[in-house]
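One structure below.
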Amino acid sequence: MRNIRSMALLAGVSLLGSACGSPEAGPEHPSEASREGMSFDEFKATAYDEPDSDVFVVNGDTAVEGVDGLRRYYDTFVNPELGTHQDALAAYCDSTGMPIKWSATAAQNLTYCISTSSFGSRYATVVSAMNSATAAWEATANVNFKHLSQFDSNCTASQTGVVFDVRQTTATSYLARSFFPNTARSGRNVLISSNAFGNIAPFTLTGVLRHELGHALGFRHDYPSDSSCYEGPVTCRLTPYDPNSIMNYPQCGGGQAGDLVLSALDKQGARLLYPFP
């Protein structure tokens with residue numbers, strides 16, 4: 001079985017703003033039937049080539065690093081014999097079924113910066129939203145996020161003083177995207193589209209960031225069993241399927257219709273992955 005750990009996936013929320021500002025579905029996800037027999041070149045043509053980065057966004061909002069990463073994603077997940085529906089809150093796991101998560105020590109020191117230059121007048125809004133979003137996960141699981149504002153004036157993907165950076169992007173294929181714990185430092189970014197500052201009801205910027213931080217902690221999307229969306233053979237099932245999960249991806253079915261908030265099952269699953277002493 002292929003080693004999923006080497007893929008260094010990233011992820012995010014790919015809801016686009018319509019002309020009137022309300023969210024609508026992003027790029028259509030290939031169904032099981034349409035994926036069967038799809039060549040790599042055909043699959044690559046469906047991926048979003050993110051400007052100014054070595055990243056392709058696939059499956060609506062999952063980002064992979066470079067053409068080699070896209071090829072590994074195709075080989076591992078697009079093959080219909082390997083791709084599986086996501087039907088529970090699940091952790092991102094390696095090929096042995098071990099969750100890809102932060103160590104107990106690292107989980108207490110998840111430092112980040114927020115770019116003053118990229119957000120400009122929106123900086124204070126992002127600081128407030130990140131404070132609220134991180135607090136929700138800290139109250140639920142044994143994790144601790146720290147905003148190191150001394151790095152905000154030089155908050156880039158190469159800033160080694162923090163675990164990850166938070167920056168604005170003009171990309172329009174998602175509201176925001178994030179990363180997983182095994183991602184290299186250059187890819188450990190929470191990128192927020194300028195679209196996220198418009199009318200994105202019923203979502204809020206804080207809700208979107210709560211979802212993104214779920215990915216940063218190692219959680220995958222929560223799909224109903226009859227969804228046409230795929231993320232591959234994830235074996236670390238943490239809870240039964242939860243239509244109200246914060247990790248439920250609206251384009252892929254389910255009952256997530258309000259802001260992205262932690263459900264009771266989300267909290268249960270998060271404590272399983274990051275238990276309190």
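The values are calculated or read from the model by the stated rules, or taken from the named source; none is laboratory data. This one's a predicted model, so the numbers in the text were calculated from it and none came from an experiment. When we count neighbours, we look across all protein chains shown, and the Cβ atoms used for this are built from the backbone with ideal geometry, even at glycine. Areas reflect the complete protein model, heavy atoms only, side chains present, ligands, DNA and RNA absent. Shrake-Rupley method; radii C 1.70, N 1.55, O 1.52, S 1.80 Å.
Using only C-alpha atoms and all pairs of different ones, pull out the Kirkwood radius for the range 183-277 in Å with one decimal.
14.4
When a/c is below 1.5 the answer is rounded, else prolate if a/b is larger than b/c, else oblate, so apply that to the range 98-168 with a ≥ b ≥ c taken from the square roots of the Cα gyration tensor eigenvalues. Don't jump to the answer; show the numbers that get you there.
Working: a/c = 2.52, a/b = 1.53, b/c = 1.65.
Because a/c hits 1.5 or more and a/b fails to exceed b/c, the range 98-168 counts as oblate.
Determine the order of L209, L272 by accessible area, beginning with the largest, at a probe radius of 1.4 Å.
The ordering from most to least exposed comes out as L272, L209.
With every protein chain left in place and a probe of 1.4 Å, what is the accessible surface of L262, to the nearest 10 Å²?
30
With an 8 Å cut-off on Cα pairs and a minimum separation of 6 or more residues, tell me the relative contact order of the range 114-224 in percent.
After rounding, I find 28 percent.
For the range 126-236, give the magnitude of the charge dipole about the Cα centre (Cβ charges: +1 Lys/Arg, -1 Asp/Glu; no others), in debye to the nearest 20.
Charge dipole, the range 126-236, about its Cα centre: 240 debye, nearest 20.
Just check the range 174-232 against the gyration tensor rule for me: Cα atoms, a ≥ b ≥ c as the square roots of the eigenvalues, rounded for a/c under 1.5, and otherwise prolate or oblate depending on whether a/b exceeds b/c.
It comes out oblate by the Cα gyration axes.
Report the one residue of F197, P277, Q256 whose Cα lies farthest in the direction of the positive end of the charge dipole of the range 176-277 (charges on C-beta: Lys and Arg +1, Asp and Glu -1; origin at the Cα centre).
The Cα lying farthest towards the positive end belongs to P277.
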